[in-house]
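What follows is a set of notes on a single structure, which appears directly below.
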Amino acid sequence: MSLSTFIKRMRDITRLDQGINGDAQRIEQLTWMLFLKIYDDKEYEWEAVDEEYESIIPEECRWRSWADTENDTALKGEALVRFVDGTLLPTLKDLVIPAGCPLRKSIVKTVFTDIHNFMKDGVLLRQLISEINECDFNDPAEAHAFGAIYETILKLLQSAGSYGEFYTPRALTDFMARHVDLKLGDIVADFACGTGGFLNSARAVLEPSAETIEERFLLSRSFHGTEKKPLPYLLCVTNLLLHDVDEPLITYGNSLARNTGDYTERDKFDVILMNPPYGGSEQPIIQQNFPGNMRSAETADLFIILIMARLKATGRAAVVIPDGFLFGGGNKAEIKKELLRNFNLHTIVRLPGSVFSPYTSIATNVLFFNGTGPTEKIWFYRMDMPEGYKHFSKMRPILTEHFAGLDAWWNDRKPLVVNGADKARCYRAQELSDLGYNFDLCGFPQEEEEILPPEELIARYKAERAAHEQVMDKALSDILAMIGGRA
């Protein structure tokens, strides 16, 4: 089945169902069903190599049992919906996890903790199952083709309001993974892993080095992530299973909920790749987990502190951070001071302002640092828009080839000046201290206001509206909580 045909069929079927309202529900519905199909295909593989393998899923709830469209006695219509709502999902949510249970089994319960069935039409649900059954994920050719389908599903998140926050452009995650000196045996982490883009990019860099069975086993246990929202968590686990990471070490929860002073050497990682959530704020109870002089309500600031607490002395990190961190004072200056004092912040890449357009217009940067500190010098590099582009967009996203100039400069660093302005320049740490830790250097010249096509303006408006609604919802929640507390 072709990519376009599969996606079209999925959307055509789910659009007809009265229970599904919008892309967010459509994606969740499709993803939990794909997870069970992929997991079932994996179980066939595990059974073939381990005669004693036993599924943690009760027999009636295994995909092969209830979703077998070739079985004339298979559930259909209202009976199928009743089974999914009344038996399947409650059973998976309430699975009993025995002591010592392998992660590849126990993860099923976690995945289904907050997952729902939105489809109300049993005929359409059976049609969707039939389409999914056309895919054989144990067939390397099918699995490879589905990789492209999965990328498309992730990109659909960008059309689902605030769900776009979980998708970082693949070209950017690949670039960052290429430049943190990954080697087989490294343990890679992302503390706000979303759909697993960074972990999958790291896997793609390391996979060619894993030639033996032992090395492939090591590779499959090299990726750790944490995600606090159910849909991206499910997408991340499915993404890694699809790419032969049989035991995804992904935790469902908030990485910021633990005091940074409690972390020991065993809690640290060789490589950290992240695009932390930014623009949000954390509750005072979460802020208390961080040192007082650096404490912040800004989520991105707290993640930088967390990364410093969990990076090994030999570790390397690459982190996307908004412009506000570069020029911010106060607690942000304290964080930057700590970063220069105890880590080697060797490179800051200024990304074009529309990398995440049209879903956010916030300008971003990538910090590259390691644990060999303290910092002696920092290279700044401004990544300009490619020739022929005024801005990136959903139809014209940033691509791997757009990093070619930066890739070439990376290993042959030299100062660059374009139109009288610094494009690349090295600063001593003392210079940055003298500037009050203002890292807003090698920035972009002031540009004329861009005129976007109507569809881009609409998409940007929807994204900004969704962001405002989130702020209002949080404010209302805080007010209600305050009223409830007084009551």
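The values are calculated or read from the model by the stated rules, or taken from the named source; none is laboratory data. All of these numbers come straight from a predicted model, not from anything done at the bench. Methodologically, a virtual Cβ is constructed for each residue, glycine included, from the backbone with ideal geometry; neighbour enumeration extends over all protein chains shown. Protein only, heavy atoms only, side chains kept; ligands, DNA and RNA dropped before computing areas. Shrake-Rupley method; radii C 1.70, N 1.55, O 1.52, S 1.80 Å.
Out of the total accessible area of the range 1-139 (probe 1.4 Å, heavy atoms of protein only), what percent is carbon and sulfur?
47
For the range 1-105, what does the alpha-carbon gyration tensor say about shape, rounded, prolate or oblate, given a ≥ b ≥ c as the root eigenvalues, a/c under 1.5 as rounded, and a/b over b/c as prolate?
prolate
Which links in Lys183/Lys377; Lys268/Lys337; Lys109/Lys336 stretch past 29 Å when you go from one Cα to the other?
Lys109/Lys336
Find how much the distance from Phe327 to Glu70 grows on full extension, using 0.36 nm per residue of separation minus their present alpha carbon separation; answer in nm with one decimal.
Taking Phe327 through Glu70 to full extension adds about 86.3 nm, to one decimal.
May I ask you to order 397-404, 35-42 by the average number of other C-beta atoms within 10 Å around their residues, highest value first?
35-42, 397-404
Which lysines does Lys390 reach when only Cα atoms under 27 Å apart count, and residues fewer than 8 places away in its own chain are ignored?
Straight-distance partners of Lys390: Lys155, Lys414, Lys423, Lys462.
Could you look at the range 362-454 and say what percent of its accessible area is carbon and sulfur, using a 1.4 Å probe and all protein chains?
Carbon and sulfur together cover 50 percent of it.
Order 62-69, 295-302 from most to least packed using the mean count of other Cβ atoms within 10 Å.
295-302, 62-69
Show me the ranking of peptides 326-335, 50-59 by mean Cβ neighbours inside 10 Å, starting with the highest.
Sorting 326-335, 50-59 by mean packing, highest first, produces 326-335, 50-59.
Over the range 61-133, calculate the relative contact order: mean separation of alpha carbon pairs under 8 Å at least 6 apart, over the residue count, as a percent.
Here the relative contact order equals 46 percent.
May I ask you to list the lysines whose Cα is less than 16 Å away from that of Lys42, ignoring any residue fewer than eight positions away on the same chain?
Lys105
Would you mind computing, in nm to one decimal, how far apart the modelled labels at Asn133 and Asn117 are, each placed 7 Å from Cα along Cα→Cβ?
For the pair Asn133/Asn117, the computed spacing is 1.6 nm.
May I ask you to give the average projected area over all directions of the convex hull of the Cα atoms of the range 229-324, in nm² rounded to one decimal?
So the mean shadow area of the Cα hull is 7.3 nm².
Could you list, bin by bin from short to long, the percent of Cα-Cα pairs of the range 167-271 in 5 Å steps?
2, 13, 23, 25, 20, 12, 4, 1
Normalising by the residue count of the range 286-441, find the relative contact order in percent from Cα pairs under 8 Å and 6+ residues apart.
Relative contact order, the range 286-441: 24 percent.
Taking the simple approach of a point 7 Å from Cα along Cα-to-Cβ for both Arg428 and Glu52, what is their distance in nm?
6.5
State the percentage of accessible surface on the range 221-273 attributable to carbon and sulfur atoms; use a 1.4 Å probe and exclude ligands, DNA and RNA.
42
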